[in-house]
């Protein structure tokens with residue numbers, strides 16, 4: 001059966017952010033290092049690249065959470081699995097940088113920042129949902 005325009009819009013709204021970030025992150029991760037040199041060491045923010053990693057993977061994790069059904073979001077397993085998937089994706093991107101680029105390399109601290117961002121946003125969501133539930137009881 002062919003989906004209606006409304007069904008397609010709902011699917012794009014639900015899955016579009018996750019698909020977009022899943023394509024954008026590898027594109028940015030595998031660009032040559034010279035592309036980022038203008039943003040590099042002149043920053044006054046210490047470890048800016050780690051903050052960017054954490055924010056990108058928080059956004060990916062959040063988009064995966066958004067793709068879950070409202071009922072599924074209520075259980076702890078699926079949101080944590082979304083964070084784990086985002087973290088694994090980040091580790092694979094770091095590995096790909098080490099294997100497929102000459103100007104970039106695998107960086108354990110980048111992978112750690114990816115994981116902190118991915119799980120951080122999900123834990124905040126889960127804790128805030130728990131607080132909201134306890135306030136309504």
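Some notes on this structure:
- When residue 31 is tested against (1) surrounded by 12 or more Cβ atoms within 10 Å (Cβ to Cβ); (2) over 20 Å from the mean Cα position of the chain (by Cα); (3) not in a helix (DSSP H, G or I), exactly one condition is not met: (2).
- Test result for residue 48, surrounded by 13 or more Cβ atoms within 10 Å (Cβ to Cβ), modelled with pLDDT under 90 and under 18 Å from the mean Cα position of the chain (by Cα): yes
- Residue ID - nearest to the chain's Cα centre (by Cα), chosen from residues in segment 91-128 that are surrounded by 17 or more Cβ atoms within 10 Å (Cβ to Cβ) and closer than 14 Å to residue 33 by Cα: 94
The values are calculated or read from the model by the stated rules, or taken from the named source; none is laboratory data. Predicted model only: the values in this text are computed from it and were never measured. Here the Cβ is made from the backbone with ideal geometry for all residues, glycine too, and neighbour counts use every protein chain on show.
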